[in-house]
Amino acid sequence: MRQSRAIRFLVLLLVWFAASPAEAVEVPTGLTASYFANETLSGTPVLRRTDATLDFAWAGGAPAAGLPVDSFSVRWEGEIQPRFSEVYTLIARTDDGVRVWLDGRLVINSWLLRGVADSSCTFAAEAGRRYRIRIEYYEHLGAATARLHWHSASEPVGPVPSTQLHPLSWDEPTPGTGTGLLAAYFANETLSGAPAIERIDARVDVDWTAGAPAPGLPVDSFSVRWDGEIQPRFSELHTLLARTDDGVRLWLDGQLVVNSWNLRGATDSTCTFLAQAGQRYRIRMEYFERSGAASARLWWHSASELMGPIPTSQLFPTAPATAITGSGTGLLADYFANESLSGLPALSRTDARVDVDWAGG
């Protein structure tokens, strides 16, 4: 009798253990987060961790030790797994800018200074399916907020729970050590003469709207040349996207691959190439602005690379040209008192350069 009771107790205990995990084990995971001590997601992250949810209001504080209170940025990456087969709405509530990619497609692009505001997108979800997601965020000054909420007919509005967020499950390639591209800015539309400004641009992803690109340059009728190398992180077919207002030309390893040197509103011009991970490719982008709004962006995407600006770490500037000073003193000049250069010259001398306008003298 005692033996049968003991057996019955063991059976009940086994049944209890078998049933419990279905209710208790929810595997809180989250998204892989990279925190940067700048607003451009450039360089090496100060902190990498898994954030269980994306539901932060840092107010006037820093997001973590070692990071500034202002002028920081964050990239969250992983997968999102809806629980119902129906249309979902994703809401990115941030102060300041935010961009969201879903399965490689840019679905939210609010990369601007703003107070707390919502940006949203919808997608038809399949229950249990995982969708790749990337959220990029930056904070400039003041209060800082970053939240990712969702809702559907069956899903109440609220933060995407950690049980439905999966961090990166693949090995990320090691970032490059690039610092940007060499940029030469000209106060004309033809890239002619000496540049008004030369500098290193961390990336090509600017919207000047109706403003000048830098002090000393005009609001309209200017041009820019970016020179350097790009370094893909994956061995696969890549697409380069030049989105400009107005004209653009793009060379890759010396070959003209985009030639849209014409007046236009913000428009995309693309080319594709088969990339080898880690290899550097020479790149030159030329751009001109006539009047009105002005923007210039150089983005890329591939099967593994989400669409977005080519990151600073994968851009390597060309060294600025160094002028070599010669030892010359000019040219020997013979001046004749006739139009046929006949007879003896009236004057022989060394002219430092040939750049004269005698007008009526």
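Table for the structure above
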read-out	value
Neighbour-limited loop hits for chymotrypsin sites (Phe, Trp or Tyr not before Pro), segment 202-239 (at most 16 other Cβ within 10 Å; DSSP other than H, G, I, E, B)	Phe234
Part-to-part distance (alpha-carbon centres) for segment 286-348 and segment 35-64, which is given in Å	41
Debye, to nearest 20: dipole size of segment 235-361, +1 on Lys, Arg Cβ, -1 on Asp, Glu Cβ	340
Projected label distance in nm at Ala303 and Asp357, using a 7 Å step from Cα toward the beta-carbon	6.2
Amide H within-cut-off set for Phe72, under 5 Å, with H built and near neighbours excluded	Glu139
Ranked list, fewest to most other Cβ atoms within 10 Å of each Cβ, for Ile200, Ile91	Ile200, Ile91
For Glu136, Glu189, Glu198, order by how many other beta-carbon atoms lie within 10 Å, fewest first	Glu198, Glu189, Glu136
Amide hydrogen neighbours beyond the local backbone of Ile283, cut-off 5 Å, H modeled	Gly228, Glu229, Ile230, Asp253
Label point distance in nm, Val157-Asn38, each placed 7 Å from Cα along Cα→Cβ	3.7
Under 15 Å, Cβ to Cβ, from Ser154 - net charge with Lys/Arg +1 and Asp/Glu -1	-2
Using a Förster distance of 30 Å, the FRET efficiency for Leu113-Gln255 (Cβ separation, nearest 0.05)	0.20
Percentage, to the nearest whole number, of Cα pairs in the chain over 35 Å apart	43
Phi-based couplings in Hz for segment 262-276 (Karplus 6.51, -1.76, 1.60; Gly and Pro marked x)	8, 5, 6, x, 4, 9, 9, 10, 10, 8, 10, 8, 8, 9, 10
Placed amide H near Thr50: partners under 5 Å, 5+ positions off or other chain	Ala33
In segment 109-190, the chymotrypsin sites (Phe, Trp or Tyr not before Pro) that fall in loop regions by DSSP, at most 10 other Cβ within 10 Å	Trp170
Segment 177-184 - phi-based ³J(HN,Hα) in whole Hz, Karplus 6.51/-1.76/1.60, Gly and Pro as x	10, x, 10, x, 10, 6, 10, 10
Segment 251-307: Cα Rg divided by the 2.2 N^0.38 Å rule of thumb	1.31
Residue-wise HN-Hα coupling along segment 113-126, computed from phi with Karplus coefficients 6.51, -1.76, 1.60 (Hz; x: Gly, Pro)	6, 6, x, 4, 8, 9, 10, 9, 8, 10, 8, 7, 9, 10
Inter-centroid distance (Cα atoms) of segment 226-260 relative to segment 77-152, Å	28
Between 0 and 90°, nearest 10: helix 2-24 axis offset from the chain longest Cα axis	30
Top of Leu113, Leu54, Leu331 by mean-square fluctuation, Gaussian network on the chain, Cα under 10 Å	Leu331
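FYI, it's all coordinate maths here, none of it is from the lab. Keep in mind that this is a model prediction, so the values were computed, not measured. Note: ideal-geometry Cβ built from the backbone for every residue, glycine included; neighbour counts use all protein chains shown.
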